[in-house]
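Enquirer: Here it is, the structure, as structure tokens.
Here, each number is a calculation from the coordinates, and none is a lab measurement. From a predicted model like this one, the values you see are computed outputs, not experimental measurements. Every residue, glycine among them, receives a Cβ derived from its backbone with ideal geometry; neighbour counts consider all protein chains shown.
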Amino acid sequence: MNKLQGFYRLRQGGLPAVPWQTFAPDTRLEEGILWTVRSAVERGDDQNLPRLVGAPAAEAETFALGLLGELGPGGLVVYYPYFVAEKSG
């Protein structure tokens, strides 16, 4: 299983996980909180993919838009609030 499959498996399985959403070119992130942006690919090496952790909204949006262009249609860019946890342990 790669990261892309893992993101979807967590969502489908109802397991505690970060509340990630798929980033699209028209996505606007809320100012005033920090964001994490991660990437995944459909096929190929998915280790050491670019990510940004704990960044302000404007920086996270710019980074995510760049990833969308870099990864193309076989990639996925997800975002979620930095250090949000519904469960621990």
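Enquirer: Need one number for the chain: average projected area of the convex hull over its C-alpha atoms, nm².
Expert: Over all viewing directions, the chain projects a mean Cα-hull area of 6.1 nm².
Enquirer: Here is a follow-up. 222 nm [θ] for the chain, helices only, -39500 (n - 2.57) per DSSP H run of 4+, per residue, to 500?
Expert: Helices in the chain give a 222 nm mean residue ellipticity of -9500 deg cm²/dmol.
Enquirer: Would you please name the GluC sites (Glu not before Pro) within the range 1-67 that are DSSP coil residues with at most 15 other C-beta atoms within 10 Å of their C-beta? Mind showing how you got there, number by number?
Expert: Numbers: sites: 30, 31, 42, 59, 61; in loops: 30, 31, 42.
Qualifying residues, ordered by number: 30, 31, 42.
Enquirer: Counting only C-alpha contacts under 8 Å and six or more residues apart, can you give the relative contact order of the chain as a whole percent?
Expert: Across the chain, relative contact order equals 39 percent.
Enquirer: Something else about it: In a GNM of the chain with a 10 Å cut-off on Cα contacts, which of 67, 52, 15 has the highest mean-square fluctuation?
Expert: Greatest mean-square fluctuation among the candidates belongs to 15.
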